[in-house]
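Take a look at the structure below.
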Amino acid sequence: MADGDENLPKDAKTIISLLKSVGIDNYEPRVVRQFLELYYRTAVELITDAQTYSNHAGKALVDQDDVTLAIKSKSYFSFTGPPPPEVKDAAMKVNSKPIPRPLNGPSLPPAWDTLIASSHLMKIQKNRSSEVVEEQEVEDNVGKSVDNAAETSQEMRTNVLPGTRQRVSFPLGSIRRR
């Protein structure tokens, strides 16, 4: 990273020196840009919060107390400290027990949550269903055999109101013709 250090802004050089101080010598150039963006965004948020606190207090200028309050509120709501020792002890006690092994292995999802479920909601359009009924009547007249199930399904299709939904189930496998 020593190649283009002369052209970098002062803040970028500071971030590079911070990275080197913690033992990070090998990193991509965009890491510095990401830290700069985080740095600038945090600074703008703190100054904006300090201005808000100053305006709320009725002061014309932002002073050190407003900035301190903005920093404290940001650290209180944004960052969390380590958990208390009691929580660590309770976690160690719970984590010391081994996880029970499943008896039958992983189970299959419920039938309603699979892609091969047989029940689907479909919106049937009236003009489209009348064309289907006419095609089926032509096929029935040619074959000279009328099935009771086909007649009842035709009656159901003609009785459907436009814009209403109806639950329809059908198998997803191939359909055999007689």
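Here Leu115 meets each of (1) part of a loop (DSSP other than H, G, I, E, B); (2) surrounded by 10 or more Cβ atoms within 10 Å (Cβ to Cβ); (3) touching a Leu at 6+ places or on another chain (Cβ under 9 Å) with one exception, condition (2). Quick check, is Tyr40 part of a helix (DSSP H, G or I), over 33 Å from the mean Cα position of the chain (by Cα) and of a type in the set (Ser, Thr, Tyr)? Judged against the criteria, Tyr40 is not a match. Residues of segment 63-101 that are surrounded by fewer than 10 Cβ atoms within 10 Å (Cβ to Cβ), among the β-branched types (Val, Ile, Thr) and either touching a Phe, Trp or Tyr at 6+ places or on another chain (Cβ under 8 Å) or assigned to a helix (DSSP H, G or I) (or both): Val94 alone.
Checked against the criterion of being hydrophobic (A, V, I, L, M, F, W, C), modelled with pLDDT under 80 and surrounded by 12 or more Cβ atoms within 10 Å (Cβ to Cβ), the candidates Val31, Val132 yield just one match: Val132. If you go through segment 18-53 and keep only what is hydroxyl-bearing (Ser, Thr, Tyr) and under 30 Å from Asp65 (Cα atoms), you end up with Tyr39, Tyr40, Thr42, Thr48, Thr52, Tyr53. With respect to the conditions (1) among the polar types (S, T, N, Q); (2) part of a loop (DSSP other than H, G, I, E, B); (3) in contact (Cβ under 8 Å) with a residue 12 or more places away in the chain, Asn104 falls short on a single one, namely (3).
The values are calculated or read from the model by the stated rules, or taken from the named source; none is laboratory data. The model shown is predicted, which means the values in this text are computed figures rather than measured ones. Every residue, glycine as well, gets a Cβ built from its backbone with ideal geometry; the counts of neighbours run over all protein chains shown.
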